[in-house]
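The values are calculated or read from the model by the stated rules, or taken from the named source; none is laboratory data. Keep in mind it's a predicted model, so treat the numbers as computed, not measured. Because the Cβ atoms are built from the backbone with ideal geometry, glycine has one as well, and the counts that use them run over all protein chains shown.
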Amino acid sequence: MRFFMLLLLVGLVTIDARAQNQQTDWNKPFPPHKVIGNVYYVLVNNKDYPDIADDYVKSFKALRSLPVDVFLGAHGSFYDLTTKYAQLEKGGANPFIDPAGFKAHLDRQEKNFTARLDEQKKAATK
């Protein structure tokens with residue numbers, strides 16, 4: 001249960017949705033509004049949730065295992081909405097089909113998490 005709650009708190013939990021478009025079945029993860037960069041949880045020596053850091057690691061691993069075609073988020077900046085919308089207006093390939101964008105977003109968030117975890121580990125040893 002705590003692992004699931006962490007996914008919700010991290011904001012990287014996805015909802016598997018299917019979209020039918022021109023005989024194409026797309027997987028669309030949709031993360032809620034929070035991201036790891038905005039999270040200030042106690043990741044080290046957390047007496048209320050001692051496994052929180054491990055659960056973050058599990059969350060990132062689970063998210064990386066998802067098949068993703070269309071990456072959308074609660075904030076357009078997560079998936080470069082402005083640029084993609086402009087490209088869509090011009091025609092051609094659908095710019096919202098962006099598995100690499102999802103991976104890049106996870107990379108950024110995991111990097112933020114790792115930096116926050118390292119900071120807290122360093123502070124805990126002082």
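Below is a table of values for the structure above.
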item: Positions within region 108-126 being under 12 Å from the mean Cα position of the chain (by Cα) and either surrounded by fewer than 13 Cβ atoms within 10 Å (Cβ to Cβ) or outside any helix (DSSP H, G or I) (or both), in sequence order; result: LYS111
item: Residues (buried (at least 18 other Cβ atoms within 10 Å of the Cβ) and either hydroxyl-bearing (Ser, Thr, Tyr) or part of a loop (DSSP other than H, G, I, E, B) (or both)) located in region 48-68; result: TYR56, SER59, VAL68
item: Number of the exception - ASN45 against (1) more than 14 Å from the chain's Cα centre (by Cα); (2) in contact (Cβ under 8 Å) with a residue 40 or more places away in the chain; (3) surrounded by 13 or more Cβ atoms within 10 Å (Cβ to Cβ); (4) assigned to a loop (DSSP other than H, G, I, E, B); result: (3)
item: Qualifying positions in region 74-107 - surrounded by fewer than 15 Cβ atoms within 10 Å (Cβ to Cβ), at pLDDT below 90 and closer than 19 Å to PHE60 by Cα; result: ALA74
